[in-house]
Amino acid sequence: MPSRRRALLSLAVLIGLALLSLLVALAAGSLPVSAADVLCALSGNKGGMAVEVINGLRLPRALAAFACGGLLALAGTLMQVLLRNPLADPYVLGISGGAAVGALSAVLAGLTLALMNLAAFAGALAAMLLVFGLAHGDSSWTRSRLLLTGVIVAAGCGAVVALILSIAPEEGLRGMLFWLMGDLGHAISPWPALAVLALGLVVTLPFARELNLLSRGDTLAQALGVSVTHVKRGIYVLASLLTAVAVTTAGSIGFIGLVVPHLVRLAMIRLGWGNDQRLLLPASVLFGGSLLVLADTLARTVIAPQQLPVGVLTALLGVPVFLFLLGRQPHEQR
């Protein structure tokens with residue numbers, strides 16, 4: 001089978017996995033839901049309580065989970081190209097910390113949920129601008145300087161978060177901690193995140209060739225006509241915005257942007273497709289979205305009716321996978 005057909009078949013399998021994960025999310029829960037209720041809800045027909053639960057609660061939450069997983073996976077793929085490190089993470093540049101400071105400050109001030117989301121997005125953008133401004137400095141913009149600046153800003157944001165938690169009233173601590181650990185229960189609407197995800201793919205796919213060259217080194221990319229500086233800045237801004245939207249929607253959810261692109265890349269290499277961004281970008285979005293939908297379904301059903309923060313489950317899954325990949329890294333480099 002030609003390589004192009006195999007790539008399309010792989011994307012079709014991932015699309016099937018995404019649809020299956022969404023159907024599982026709609027059917028699973030403390031309230032029993034039949035396949036007929038799911039089909040009735042998806043077709044737009046009115047029904048009983050089960051259909052109302054699907055349309056009003058489960059479907060928006062599942063779509064928000066898919067959008068956030070796709071956003072984090074796409075941002076992680078871009079960050080790994082930017083830093084030329086397969087273990088780079090979209091949260092490494094302090095974007096999540098800035099969003100946490102904004103969101104928790106809004107909660108501490110007693111603002112509404114919509115204003116809290118707006119404050120989280122503003123905090124993420126402020127952290128992005130701060131890291132980019134400090135890392136740019138005297139126009140000498142390097143990967144190590146960007147990474148170091150991001151780590152320092154993230155540490156500062158962590159200190160501010162700890163200060164907010166220490167002075168917050170006791171009745172608000174649970175909600176703050178759930179947000180910090182990732183919680184899709186308060187996602188207002190999935191459509192803004194889905195729109196940003198679609199826009200991110202539309203923007204990045206035409207530049208897949210430039211990303212492929214950039215992943216092989218700045219010198220080679222520049223020699224082959226890539227405007228390295230502009231592409232790097234574009235990657236950083238876009239990855240930061242994708243992360244900011246994901247954090248604003250669902251709070252801090254770790255390891256999706258770290259593990260998913262690396263696993264998809266390893267699968268592509270084993271299948272003989274190499275590190276081709278034309279396939280890696282959409283495949284990471286589909287796999288990341290499906291993984292977060294399944295993790296969120298497990299988080300709200302494993303000890304139902306009590307719900308767990310989805311970020312806890314992604315961390316429990318991501319830590320051993322990360323350690324496994326980290327253990328393989330020296331062997332891959334030799």
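Working only within the stretch 276-290, note down all residues that are over 18 Å from R58 (Cβ atoms) and in a helix (DSSP H, G or I).
In the first step, residues of the stretch 276-290 are kept if they are over 18 Å from R58 (Cβ atoms); the result is 276-288.
Listed by number, the residues that qualify are Q277, R278, L279, L280, L281, P282, A283, S284, V285, L286, F287, G288.
Taking L108, is it over 16 Å from V245 (Cα atoms), in contact (Cβ under 8 Å) with a residue 40 or more places away in the chain and surrounded by fewer than 18 Cβ atoms within 10 Å (Cβ to Cβ)?
Values: over 16 Å from V245 (Cα atoms): yes; in contact (Cβ under 8 Å) with a residue 40 or more places away in the chain: yes; surrounded by fewer than 18 Cβ atoms within 10 Å (Cβ to Cβ): yes.
Judged against the criteria, L108 is a match.
Which of (1) within 30 Å of L57 (Cβ to Cβ); (2) surrounded by fewer than 21 Cβ atoms within 10 Å (Cβ to Cβ) does A124 not meet, given it meets every other one?
Here A124 clears every test but (2).
Any residue in the stretch 167-178 that's surrounded by 14 or more Cβ atoms within 10 Å (Cβ to Cβ): show its pairings with residues that are of a type in the set (V, I, T) at Cβ separation under 7 Å, as long as the two are six or more apart or on different chains.
These pairs meet every condition: G172/V107; G175/V107; M176/V107.
Would you check which residues across the stretch 14-73 are closer than 26 Å to F287 by Cβ and of a type in the set (D, E, K, R) and list them?
R58, R61
Looking at this structure, is L31 over 21 Å from the mean Cα position of the chain (by Cα), of a type in the set (A, V, I, L, M, F, W, C), surrounded by fewer than 20 Cβ atoms within 10 Å (Cβ to Cβ) and not in a helix (DSSP H, G or I)? First the steps, then the outcome.
Values: over 21 Å from the mean Cα position of the chain (by Cα): yes; of a type in the set (A, V, I, L, M, F, W, C): yes; surrounded by fewer than 20 Cβ atoms within 10 Å (Cβ to Cβ): yes; not in a helix (DSSP H, G or I): yes.
For L31, the condition - over 21 Å from the mean Cα position of the chain (by Cα), of a type in the set (A, V, I, L, M, F, W, C), surrounded by fewer than 20 Cβ atoms within 10 Å (Cβ to Cβ) and not in a helix (DSSP H, G or I) - is met.
Considering A64, A100, which residue is at pLDDT 90 or above, in a helix (DSSP H, G or I) and among the hydrophobic types (A, V, I, L, M, F, W, C)?
Numbers: A100 fails: at pLDDT 90 or above.
Only one candidate qualifies: A64.
Could you tell me whether the stretch 277-287 includes any residue that is over 23 Å from S189 (Cβ atoms) and of a type in the set (K, R)?
Applying the first criterion (over 23 Å from S189 (Cβ atoms)) to the stretch 277-287 yields 277-284, 287.
Okay, now just the ones that are also of a type in the set (K, R), so 278.
Among the residues of the stretch 277-287, at least one is over 23 Å from S189 (Cβ atoms) and of a type in the set (K, R), which makes the answer yes.
From the list I54, I152, pick out the single residue that is in contact with an Asp or Glu (Cβ under 9 Å, 6 or more places away or on another chain), over 14 Å from S240 (Cα atoms), part of a helix (DSSP H, G or I) and not acidic (D, E).
I54
Have a look at V203, V247, V160 and point out the one that is within 16 Å of T77 (Cα to Cα), part of a helix (DSSP H, G or I) and either in contact with a Phe, Trp or Tyr (Cβ under 6 Å, 6 or more places away or on another chain) or of a type in the set (A, V, I, L, M) (or both). Walk me through it before giving the result.
On the way: V247 fails: within 16 Å of T77 (Cα to Cα); V160 fails: within 16 Å of T77 (Cα to Cα).
Selected residue: V203, the only one of V203, V247, V160 that is within 16 Å of T77 (Cα to Cα), part of a helix (DSSP H, G or I) and either in contact with a Phe, Trp or Tyr (Cβ under 6 Å, 6 or more places away or on another chain) or of a type in the set (A, V, I, L, M) (or both).
Tell me which residues, restricted to the stretch 208-239, are more than 16 Å from R278 (Cα to Cα), charged (D, E, K, R) and surrounded by 16 or more Cβ atoms within 10 Å (Cβ to Cβ).
Within the stretch 208-239, D218, K232 meet the criteria.
Any residue that is in contact with a Pro (Cβ under 6 Å, 6 or more places away or on another chain) and under 27 Å from S215 (Cβ atoms) - is there at least one of those in the stretch 80-100? I'd like the intermediate steps shown before the answer.
Pass one, the stretch 80-100, residues in contact with a Pro (Cβ under 6 Å, 6 or more places away or on another chain): 80.
When the remaining residues are screened for being under 27 Å from S215 (Cβ atoms), the result is 80.
Yes; the residues of the stretch 80-100 include at least one that is in contact with a Pro (Cβ under 6 Å, 6 or more places away or on another chain) and under 27 Å from S215 (Cβ atoms).
The values are calculated or read from the model by the stated rules, or taken from the named source; none is laboratory data. Note that this is a predicted model, so its numbers are computed, not measured. Neighbour counts run over all protein chains shown; Cβ positions are idealised from the backbone, glycine included.
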